[in-house]
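Q: Just passing along the structure, written as structure tokens.
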Amino acid sequence: MSIDSKHPVITITRDKDPYEAKFHFETNRDFIVNEILSTTNDPEKLFEAIIKTILIGKDEHVDYLKMAVVLNAPEVTVSAMISSSSKWKSDEDICYRQKMLSSALAFDYGETTLVLLRSMKDIDLRALEFGTMSHKSIARVEKYLQATVGVNMNMPKEKSEANDCAYLWLFIWAICNEKFDVANALWSLVDSKMATALLASRCLDSMRKNTVDGNQRDTLNQNWSLYTERANTILDNCFSAKRTLTKAMLVKCRETFGDSSALLIGKTNKKFIENRACQAKLNDIWMGPLKSDQDANPNWKIVICLALPILSSILLHFKEDKDQQKCCNVYSRPFCGKVCHFMNSPIVKFLYCTVSYLVFLLFYAHEIMFKVYENPTVIEYLLMAWVVAFLTEEIKMFIEEDVYFRDAWNWLDLAAIVLFCGGTCLRFLTCCLDVGRVLLAMSFMLFSLRLLHFFSSLKVIGPLLVMIGRMLKDLVQFLLILAVVYISFAVTMQAILYPMSSFEFQTMQNALKRPYWSIFGQLEQTLDEFQALIPGVNCDDKSTYDSTDSKLQMCPTKLGTYIAPVLLAIFMLIVQILLLNLLIAMFSYSFTKIHHDTDRHWCYLRFRLIHAYYHLPTIPPPFSAFYNVYVIVTLLFRRCKRNSTMETSVFCEKLNKNENEKLQRWETIHSCDETAVTQKSDLQEESKVSSPTPKYSPPDTVVKKVFFKNFKSKILRNQISRLNLIDDNDE
């Protein structure tokens, strides 16, 4: 059937000699090759011999380049087939080159893909189709990056040359479809290797969070670690050579990556943020125009300048930057210019916001702890203005960030604001004054907890907040188990002690209250209940147990007084010894796991804090509400105009052409060093894994090596059958 359909047929038969095999290659019923190959113990040489034997045929009906691509022939063989292929050289048959490239990419053949790309002049990324894969086209990869990963990259609308842009998009496609051999090969071709590795790690991080297959998750974790290590190695090489250029390289605007920078692309990668180069750049951003040296600008000087900003130009030392941005339209007066730059630094914004928030909590506590008047006071109006500023800030963050609801602090802010608004509205109603006061008190509690977010900048307290968050997740899982034991015991105890109870809210409350307080050691009331010691009720008359009198229904049954203590002992044994120790073990594991990476978590929290306060206005709440409204209107206008261009900031700086090329060369030089080291380590790893071949192997073992080891658990016949896929696409 295969011969009639003009597909090649390959068979291997053994003679009596265990080291010789006869290799047949037939097509169109015409006998082409009948070679005797030596089945040595080196499967690689046997595989190469088979490929060479196939490709020496002269049948006009056979596309030998297509077979070389499908069989993943060596690089020299594929190059020779390209040179002798008339279809490949034809300018009119562009689709043929696209299909060959698509086949090599889909089959995950890295070396073959590189040979094809180096032989192509241009690539139509939008014309590439890859069958039934999850991201079968580059257009789907583009949507995935924008919607899920959060990187706003735009694919070229027209045909692009076989250059860095095309290699980058093919690399991202390979990562998203888990074609890691092709991805590793393409990574060596791109220019911005560090940013490409960071983008790959970000895609892999998003993919591993959405997968449920354990083996697939392990593969994604390994490749995530690989590309993260590559990015850190390149960054370390650059930072060791020259720190100034490395800092500029981190925040350089990269048009190919959607006008983003390497620092913004890797902002979710904690290992990358922990790198010393990233932390050095964050120190510069955190201090703003001030020198980051503690000897030049100690903390006590900054505190004094917070109270009297006019002293900042005298007490503090500023960086000598000729290209400082214009501030307050003041250039002729260096004195006022320094004060303005001081007020715009993120550290000063953070301190002012912290002081403002503390004043807000003090006013809030004063209002809810003492008498609430019918008519609002001046302080209450001031608190309303504060909350309006908080609300506008949350709206601005919701528009800017696509992952707004993934942050627990944002949920806490929204809950506090909603409770405050509800309590303020009910506070004006005389009938609901107490309810409004309760809501305001609960809102104050949430606003007070929000103060912990300011402590994330501290190296000691910041990781502790991460531990608390991880423990809360463990607590939720523990409470699900505890709830099953708790409810089962509560219902059983109520049914045994009081079988004649009426269906009332008080009955359900007593049933749930009894085991809950027992967990915390409050057993006096429960034990008295077992002994029928009910205040105001005489339970001595045994004949009244089945009475319909409501007072006598409060007495437990006689049988229940014997069984209930046993059940209580079993319940306390399970909860106090088993479940609580399980909870302690879960907390200890979470604490230990985070404690090993304390610096990494603190660096990540610090980056998020610096990034947030850099974009905040200079004036703190409640006066920042007007600025927030202006930013919201600007963002909505840009969304309506579909203008996704990012504004220049210290996290993503646009440079001129000469500076951009200089930094690109700087990165490429040190990336080449990293690529050579990576290839050398891969070769060393392969040499360690390979074991010495034995002097003799049975014939069956040799055949298994040929068909399973060299073809990655796919027999040669299945590889030849892949020609059907390409032929079907041709039709």
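A short reminder: the numbers here are calculations on the coordinates, not readings from a lab. A quick note: this is a predicted structure, and the numbers were derived from the prediction, not measured. When we count neighbours, we look across all protein chains shown, and the Cβ atoms used for this are built from the backbone with ideal geometry, even at glycine.
Q: Do any chymotrypsin sites (Phe, Trp or Tyr not before Pro) in region 355-419 lie in a loop, going by DSSP, with at most 16 other beta-carbon atoms within 10 Å of their beta carbon, and if so which?
A: Phe370, Tyr373
Q: Which FRET efficiency value, to the nearest 0.05, do you get for Val566 and Arg600 by plugging their Cβ-Cβ distance into 1/(1 + (r/R0)^6) with R0 = 51 Å?
A: Values: r = 51 Å, r/R0 = 0.99.
Approximately 0.50, to the nearest 0.05.
Q: R0 = 22 Å: FRET efficiency of Ile310 with Phe626, Cβ-based, nearest 0.05? The partial results should precede the final answer.
A: Values: r = 24 Å, r/R0 = 1.10.
The calculated FRET efficiency here is 0.35.
Q: Okay, next question. Test of understanding: what is the full-extension gain from Ala241 to Leu635, defined as 0.36 nm times their sequence separation minus their Cα-Cα distance?
A: Working: separation 394, 0.36 × 394 = 141.84 nm, distance 4.03 nm.
Contour length minus the Cα-Cα distance gives 137.8 nm.
Q: Take the alpha carbon gyration tensor of region 67-124, find the square roots of its eigenvalues, order them as a ≥ b ≥ c, and report rounded if a/c is under 1.5; if not, report prolate when a/b exceeds b/c, else oblate. Walk me through the numbers on the way to the answer.
A: On the way: a/c = 1.72, a/b = 1.26, b/c = 1.36.
Judged from the Cα gyration tensor, region 67-124 comes out oblate (a/c at least 1.5, b/c at or above a/b).
Q: Would you grab the residues whose amide H sits under 5 Å from the one on Ser260? Only those 5+ places off in sequence or on another chain, please, with H modelled 1.01 Å from N.
A: Here Arg254 satisfy the definition.
Q: In a shell of Cβ-Cβ distance under 14 Å around Asp413, excluding Asp413 itself, what net charge do Lys and Arg (+1) and Asp and Glu (-1) give?
A: Details: positive: Lys396, Arg406, Arg450; negative: Glu393, Glu394, Glu401, Asp407.
Once positives and negatives cancel, what remains is -1.
Q: While we're here: Compute for region 111-199: radius of gyration divided by Kirkwood radius, i.e. Rg/Rh, restricted to C-alpha atoms, rounded to two decimals.
A: Numbers: Rg = 12.2 Å, Rh = 13.2 Å.
Rg divided by Rh gives 0.92.
Q: To the nearest 20 debye, what is the magnitude of the charge dipole of region 425-499 about its Cα centre, counting +1 on the Cβ of each Lys and Arg and -1 on the Cβ of each Asp and Glu?
A: Computed about the Cα centre, the dipole is about 280 debye.
Q: Return the whole-Å distance between the Cα centroid of region 180-205 and the Cα centroid of region 432-487.
A: Answer, in whole Å: 39.
Q: Continuing with this model, one more query. Excluding Thr244 itself, what net charge comes from residues whose Cβ is under 11 Å from its Cβ, given Lys and Arg +1 and Asp and Glu -1? Spell out each step's value before the answer.
A: Details: positive: Lys242, Arg243, Lys247, Lys281; negative: Asp284.
Local charge sum for Thr244: +3.
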